[in-house]
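The values are calculated or read from the model by the stated rules, or taken from the named source; none is laboratory data. These numbers come from a predicted model, not from an experiment. Every residue, glycine as well, gets a Cβ built from its backbone with ideal geometry; the counts of neighbours run over all protein chains shown.
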Amino acid sequence: MRVLEPWVTDPLAEFLRESAARLALVMTSSGQVIAQHGFTRSVDVMSAASLGAGILATTDELARQLQASAGFGAVVHQGGRQGVWLSGFDTPRGRWIALVVFGPESSVGLVRLFFARFATQLAAAAPALVPVRDVLAEGFERELDDSLRNLFGAH
Amino acid sequence: MNPAVWQDALREVTGVTGVIGALIISADDGLVVAETAMEGLATADVAALAAALVTRAVRCNAAMQVAIPSSLHLVATAGALLAVAGPSPLWMVAVAGPDAELGRLRLLLRDFAGVLR
């Protein structure tokens, strides 16, 4: 498993253990990868992330066109040997997307059940955002001077 | 396949004393096909977990080279779960409290598993 945000590790590990999913990819709604599990070189993470984000964006737009105000909860692609679960969920860091690939050792029902827990645990585990300091007009010139002085030295 | 008949069967199962809910599930995907349950019973969760249990029991029996199970009875301190195989991949599942008439429930489930065909 590889994670960009360490607090994602425990909820994702539990989800993978409980659901018996084979591959998992957690990303932002723009397709930036946050965490991945099970991807090898033969499965391109970046392609999967961008395609997954694209599919979900398409279904969101389809829901809007159909005036389904709540949108669609998840997209499931069921194949003969494996299936794909694709779902968006809200976190304190914005809307994220999970792409989960599961085989016959799991099921849509199991992935759905433990995915709901995963989303809840992730929301609880997210650390508070550090507020971005506003740059005020009155302090801007002084901060710029300080930065230039640091970069080029005082004269 | 007759969903109206299925609903009648499920209603009769939930009519047994102590039964909290009855479901027809698909063991392949762990989803609810039909259900009758008391409010508060997470039927989708029951379907997912019961399907996982059934699938593993089938695999276990296959590994032991014995007959594929046609029913499953899980006893817990606060109740029981009974599942009876219908035509693949359907199973009829009942969730019962500790005071349920389990004998009658088993017989009913066996009878109604045939209704699924």
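Evaluate the following for residue A:36: is it of a type in the set (S, T, N, Q), surrounded by 14 or more Cβ atoms within 10 Å (Cβ to Cβ), in contact with an Asp or Glu (Cβ under 9 Å, 6 or more places away or on another chain) and more than 14 Å from chain B (Cβ to nearest Cβ)? Spell out the reasoning first.
Details: of a type in the set (S, T, N, Q): yes; surrounded by 14 or more Cβ atoms within 10 Å (Cβ to Cβ): yes; in contact with an Asp or Glu (Cβ under 9 Å, 6 or more places away or on another chain): no; more than 14 Å from chain B (Cβ to nearest Cβ): yes.
No, not satisfied.
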Inspect all residues belonging to segment A:71-85 and state whether any of them is in a helix (DSSP H, G or I) and either surrounded by 14 or more Cβ atoms within 10 Å (Cβ to Cβ) or over 12 Å from the mean Cα position of the chain (by Cα) (or both). no
Could you figure out which of (1) modelled with pLDDT of 95 or more; (2) within 10 Å of the chain's Cα centre (by Cα); (3) among the aliphatic types (A, V, I, L, M) isn't true of residue B:90? (1)
Mind listing just one residue for me: the one in segment A:1-28 that is assigned to a strand (DSSP E or B) and in contact (Cβ under 8 Å) with a residue 40 or more places away in the chain and, of those, farthest from residue A:115 (Cα to Cα)? A:28
Could you give every pair whose Cβ atoms fall below 8 Å, whose first residue belongs to segment A:107-126 and is more than 8 Å from chain B (Cβ to nearest Cβ) and at negative phi, and whose second residue is part of a helix (DSSP H, G or I) and of a type in the set (Gly, Ala, Ser), counting only separations of at least 6 or pairs across chains? A:111/A:19; A:114/A:19; A:115/A:19
Which residues, taken from segment B:21-72, are within 18 Å of residue A:78 (Cα to Cα) and more than 9 Å from chain A (Cβ to nearest Cβ)? B:33
Could you look through segment A:119-138, keep only residues that are among the aliphatic types (A, V, I, L, M) and under 15 Å from residue A:26 (Cβ atoms), and pick out the one that is modelled with the lowest pLDDT? A:126
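Are any of the residues in segment B:86-99 assigned to a helix (DSSP H, G or I), crowded, with 17+ Cβ neighbours inside 10 Å, touching a residue at least 24 places away in the same chain (Cβ under 8 Å) and within 14 Å of chain A (Cβ to nearest Cβ)?
Applying the first criterion (assigned to a helix (DSSP H, G or I)) to segment B:86-99 yields none.
The answer is no; no qualifying residue exists.
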Check segment A:100-121 and report whether any residue there is under 25 Å from residue A:55 (Cα atoms), of a type outside the set (Val, Ile, Thr) and part of a strand (DSSP E or B). yes
